[in-house]
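One structure is given below, encoded as structure tokens.
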Amino acid sequence: RNRIVCEWICSTSGMASTLEVSGMASCCGHLETGLTIQPSEATAPGRCQHGRLRRAHTHLCMSILILVAILGTAATIAMLPMIARHVAAGAELTLSRVELWDLQEASAKSRIHGTVRLPKPPLTPPCYMEPAELTLSFDFGAGSEADGEQNTRLAMRGLRTLGRMRAPAMQLGARTEVEITNELEITDAEALAEFSVLCMNSETDLTLKISGSARASIIGIGLGEIPLHLRVQTWALSSIRAMEMVNFTLWGSDSSGVRMNATVAMRNPGGLSIHGLGDTDVKISAAGHSLGSMWMPDLRMETGRVELAASGHVLPDDPDSAAALFSQWLLGGRPSVDYSVVPVSGKSAVPTWARTALATLQGSAEFPRFSAVSLISDLRITRSSFSVDKRGEITLDGSIDVVVETPFGFSFELTAVNVSSQLQDAVGNAVAVLDFFVPDTAWIPDPTHPGSGVVHLPFSGVHVRPLNIEGFGHLTASFMENKSTLRLNGTATVTTRSVLGELRIEMPVRDVTACVTPAFRQFTGMEIPSMDMFDGTPGHLELRPVVLTPNPSVLAFSIAPCLRTVIAVDGTDIGSATFCEITVHANATTTVPHVQVDMHASDPKGAVLVQQAIERYANGKDTLLEINGDPTRSPDPAAALIRPALGALRSHALLKGLPKGIISSVALGLVPDPKDLPNVRVPATLFIDNPWHGSLTITYVHAKVFAPDTEGYTLLLGEVPELDLRHDPLLVKGRSIVKQPQSVHKLPVHLLLGNCVSGHLMSCIKDVKDMLLDKSLKVRIECTMRLIVGHGFELELNYNQEGLPISLSLG
């Protein structure tokens, strides 16, 4: 008598509990009727009164030799068939791999790898099983799938035999690895097709029943014909419906659409592999609309991951759904297309049952991730102008050429572009929003690379909306340098026309840079060819220069709010300039009028430099001025966005000297003043050509007149003595008031005729001859003047002028 451990399967709950049975008979006869079984105290499944026993595992079972020792040889041999039936009833077959090939209507080659486990006691000799014919069947039940949902695809009901196969002779122990290669005879192709459909669409493993009988023996002792009834778990194959495109290319077009190549990956976590499924047509669709079809030659299913080549055409029924699909892909997403398999019919070598199963294979295929960062390889600004109005709003006009490289290897026409982007700084922070729409583009396709080309985008009135005032200011400040880089990120919706129809596709604009080379370059070479002394007040001289502003860049600008700059010489400030309503053209030198200059100094050094600058200008000499932006004194709120750019301005402007003298001519009287005899003093009348709007009041004059001799203007001919004219000043009215030149009252000139005698006689004779014959003599004048400009700016001026004509006058 020994204790045997069994399992009790409750018929109501399905729960398994451990039982202990007593008695030697129970070791081999516990499946017979009349055996009383009591539950162990540990598990106490006594509450379940109805059930069945499974797998008796003995703790006795040293071997059948013990039976022989106890019962005797004859009794033991008599009991062996009953033992064998018990062992067969508890046998298990676990599949690790099943291969099918050479598929026919009534047969298929198969190779089965698996493990057979028998509930054999330890030390029991192996069981030898002769070749046997096995029947494969499946219970379709009431038409429900394994996951419990109502099966709407299957018409089968109940237990159906799928086929038969022969198992070779095998020697089985407690655990035996087996490999069976033979031919599967298909007895019910319709049922096999239904079973295959169920496998490919099931989320859970299915149970296949294997039945038959085989003659068995142990250590040469025949056990008779042993019935076999196995329940084998097969693999759910629904995972193969979710496919993945490893790569996807569009490479041309014809009358059937755009040619397509793809590599599709199928994942099969189970152990079933099938070869010889033939050529397959796969219909693809997106959002319920047909997208085209793919051709898969020699379809097969392997265990694990298998990659299948496919080719076909894209020709969408609905361009909008195709555009949405391509847009999601290009923007970095992984969209999916729906597919359905259409097996080749007609003379196909693939059997009907396999084609029937394939016809139900449908699912989704996920696109590969688009690897390109951006479809824009280059962006060239051909013309651009930004405007800042009096409210501070910025608009852009211009045109750009965008080099586009798409993965669409077929010809198309790009007809419109809608850009939604952000301007970014060097570290990727968004500083402004830049959106624009170009309804009519010029597309120049690349003949060597279909799908690529250059699109010319003219635009106007594009609003720039700053997001970060400081960051945007730094960006505009970079325009002052030799080059500036614009960085764009966003999307561009492009409208294309091709064999696919008209598609509106979103494309990424990622890390696209546009170099403005050259940029403004500090407007190097600025020049002031003329300057109008407009007015003056004490300490301040109001000027109106004309500024020639060279701009080597393709970037032009127009700025309405007033901007202020500081004017300096050798690092010392001598005034300021205010620019209002300024426009500077691209790739040109622009004449900037109406600049308001206030020349003033805050210290004695600056006052001297102001005097020197005006003096050099009046004497026709050039002066290099330093022009520095002054954002702190440009308070207009509308200028807020461009103050940083103004602060980056560090330039120079060449103030050109006055091109001609301000004294037009001098008339000398012939009659000397008798009161000054023996000195010869004659009256002189100056004719002034005032080039400025501002009036001049001359309060002091001291001048010397030099006539030409053999070495130039070196013969001192006369002198205007120092004259304090504050009580009787020379009044020179502005050019807009009187016709120029204008005369001022007479000044006395002391003729120094004695210089003619001492070494310059011949020159004097020639000068007199020229005066008599030509009625004028050109001389050089050197003078010092004190004058008042306008309403009070006092200026002392050392003035020289050569070639001044002097004529004789009877007055």
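The values are calculated or read from the model by the stated rules, or taken from the named source; none is laboratory data. Here the structure is a predicted model, which means the values were calculated and not measured. All Cβ positions, glycine included, derive from the backbone under ideal geometry; neighbour counts span all protein chains shown. Each accessible area value is taken on the protein alone, full model and side chains, heavy atoms only, with ligands, DNA and RNA left out. Shrake-Rupley method; radii C 1.70, N 1.55, O 1.52, S 1.80 Å.
Within region 586-636, can you find the residues that are of a type in the set (Ser, Thr, Tyr), under 25 Å from Ser553 (Cα atoms) and open to solvent by 30 Å² or more (accessible area, probe 1.4 Å)? Listed by number, the residues that qualify are Thr589, Thr591.
Residues checked against (1) in contact with a strand residue (DSSP E or B) (Cβ under 6 Å, 6 or more places away or on another chain); (2) free of Cβ contacts under 8 Å to residues at least 60 places away in the same chain; (3) in a strand (DSSP E or B):
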site	(1), (2), (3)
His594	no, yes, no
Val597	yes, no, yes
Lys605	yes, yes, no
Val610	yes, no, no
Ala613	yes, yes, no
Gly620	no, yes, no
Leu625	yes, no, yes
Asn628	yes, no, yes
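For region 324-374, what are the residues that are of a type in the set (S, T, N, Q), under 30 Å from Ile186 (Cβ atoms) and touching a helix residue (DSSP H, G or I) at 6+ places or on another chain (Cβ under 8 Å)? Give the steps one after another, and end with the answer.
Residues of region 324-374 that are of a type in the set (S, T, N, Q), as a first pass: 327-328, 336, 340, 345, 348, 352, 356, 360, 362, 364, 371, 374.
Applying the additional criterion that residues be under 30 Å from Ile186 (Cβ atoms) yields 340, 345, 348, 352, 356, 360, 362.
Scanning region 324-374 gives Ser345, Ser348, Thr352, Thr356, Thr360, Gln362.
A single entry from Arg166, Arg153, Arg85 fulfils the requirement of being at pLDDT below 90, open to solvent by 70 Å² or more (accessible area, probe 1.4 Å), over 27 Å from Asn268 (Cβ atoms) and not hydrophobic (A, V, I, L, M, F, W, C): Arg85.
Say whether the condition of being assigned to a loop (DSSP other than H, G, I, E, B), among the small types (Gly, Ala, Ser) and over 22 Å from the mean Cα position of the chain (by Cα) is met by at least one residue in region 367-385. Looking through region 367-385, none of the residues is assigned to a loop (DSSP other than H, G, I, E, B), among the small types (Gly, Ala, Ser) and over 22 Å from the mean Cα position of the chain (by Cα).
Cβ-Cβ contacts under 6 Å between residues 6 or more apart (or on different chains), taken from a first residue in region 363-384 that is closer than 30 Å to Ser558 by Cβ and among the acidic types (Asp, Glu) to a second residue that is modelled with pLDDT of 90 or more and in a strand (DSSP E or B), are listed as Asp378/Val403.
Yes/no matrix, rows are residues, columns are (1) among the charged types (D, E, K, R); (2) at pLDDT 95 or above; (3) open to solvent by less than 10 Å² (accessible area, probe 1.4 Å):
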{"position": "Val516", "(1), (2), (3)": "no, no, yes"}
{"position": "Ser530", "(1), (2), (3)": "no, no, no"}
{"position": "Gly536", "(1), (2), (3)": "no, no, yes"}
{"position": "Gly539", "(1), (2), (3)": "no, no, no"}
{"position": "Glu542", "(1), (2), (3)": "yes, yes, no"}
{"position": "Pro552", "(1), (2), (3)": "no, yes, no"}
{"position": "Ala568", "(1), (2), (3)": "no, yes, yes"}
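Restrict the check to region 577-585 and report whether at least one residue is open to solvent by 40 Å² or more (accessible area, probe 1.4 Å) and either in contact (Cβ under 8 Å) with a residue 60 or more places away in the chain or among the small types (Gly, Ala, Ser) (or both). The answer is no, given that none of the residues of region 577-585 is open to solvent by 40 Å² or more (accessible area, probe 1.4 Å) and either in contact (Cβ under 8 Å) with a residue 60 or more places away in the chain or among the small types (Gly, Ala, Ser) (or both). Candidates are the residues of region 376-399 that are of a type in the set (A, V, I, L, M, F, W, C) and open to solvent by less than 20 Å² (accessible area, probe 1.4 Å); the one that is nearest to Leu331 (Cα to Cα) is Leu379. Take Asp320 and decide whether it is open to solvent by 50 Å² or more (accessible area, probe 1.4 Å), part of a helix (DSSP H, G or I) and farther than 19 Å from Glu366 by Cβ. Criteria met by Asp320. Screening Asn798 against (1) modelled with pLDDT of 90 or more; (2) under 18 Å from Ser665 (Cβ atoms); (3) open to solvent by 30 Å² or more (accessible area, probe 1.4 Å) leaves a single unmet condition, (2). Residues in region 615-655 that are modelled with pLDDT of 95 or more and of a type in the set (Val, Ile, Thr): Thr623, Ile627. Note on region 306-317: residues that are of a type in the set (Val, Ile, Thr) and either open to solvent by 20 Å² or more (accessible area, probe 1.4 Å) or not in a strand (DSSP E or B) (or both) amount to 0. Consider Glu481 carefully, then state whether it is acidic (Asp, Glu) and either farther than 30 Å from Asn628 by Cα or in contact with a Gly (Cβ under 6 Å, 6 or more places away or on another chain) (or both). It is false that Glu481 is acidic (Asp, Glu) and either farther than 30 Å from Asn628 by Cα or in contact with a Gly (Cβ under 6 Å, 6 or more places away or on another chain) (or both). Against the test of being of a type in the set (Ser, Thr, Tyr) and more than 28 Å from Arg267 (Cα to Cα), the options Thr360, Thr382 yield a single qualifying residue, Thr382. Suppose we keep only residues that are touching a helix residue (DSSP H, G or I) at 6+ places or on another chain (Cβ under 8 Å) and in contact (Cβ under 8 Å) with a residue 60 or more places away in the chain within region 696-720. Which one would you say is surrounded by the fewest Cβ atoms within 10 Å (Cβ to Cβ)? Result: Pro708. Does any residue of region 238-252 turn out to be within 25 Å of Glu203 (Cα to Cα), out of contact with any strand residue (DSSP E or B) (no Cβ under 6 Å at 6 or more places or on another chain) and open to solvent by less than 30 Å² (accessible area, probe 1.4 Å)? Within region 238-252, one or more residues are within 25 Å of Glu203 (Cα to Cα), out of contact with any strand residue (DSSP E or B) (no Cβ under 6 Å at 6 or more places or on another chain) and open to solvent by less than 30 Å² (accessible area, probe 1.4 Å). Figure legend. Inter-residue proximity from region 324-340: first residues without any contact (Cβ under 8 Å) to a residue 60 or more places away in the chain and in a loop (DSSP other than H, G, I, E, B), second residues surrounded by 18 or more Cβ atoms within 10 Å (Cβ to Cβ) and among the aromatic types (Phe, Trp, Tyr), beta-carbon distance below 6 Å, spacing 6+ or different chains. Indicated pairs: Arg334/Phe367; Pro335/Trp329; Pro335/Phe367.
When region 630-660 is filtered for residues that are out of contact with any helix residue (DSSP H, G or I) (no Cβ under 7 Å at 6 or more places or on another chain), assigned to a helix (DSSP H, G or I) and not basic (Lys, Arg), the ones remaining, listed by number, are Thr632, Pro637, Ala638, Ala639. As for region 342-352, it holds at least one residue that is small (Gly, Ala, Ser), at positive phi, more than 27 Å from the chain's Cα centre (by Cα) and surrounded by fewer than 17 Cβ atoms within 10 Å (Cβ to Cβ).
Checking every residue in region 281-294 against the condition of being without any contact (Cβ under 8 Å) to a residue 40 or more places away in the chain, hydrophobic (A, V, I, L, M, F, W, C) and within 22 Å of Thr496 (Cα to Cα) gives at least one match.
For Arg334, the conditions (1) buried (at least 18 other Cβ atoms within 10 Å of the Cβ); (2) at negative phi are fulfilled apart from (1). How many residues does region 712-751 contain that are touching a strand residue (DSSP E or B) at 6+ places or on another chain (Cβ under 6 Å), outside any strand (DSSP E or B) and either under 20 Å from Lys766 (Cα atoms) or not charged (D, E, K, R) (or both)? Within region 712-751, residues that are touching a strand residue (DSSP E or B) at 6+ places or on another chain (Cβ under 6 Å), outside any strand (DSSP E or B) and either under 20 Å from Lys766 (Cα atoms) or not charged (D, E, K, R) (or both) number 4.
Restricting attention to region 260-280, which residues are under 19 Å from Phe370 (Cα atoms) and surrounded by fewer than 18 Cβ atoms within 10 Å (Cβ to Cβ)?
Asn261, Thr263, Ala265
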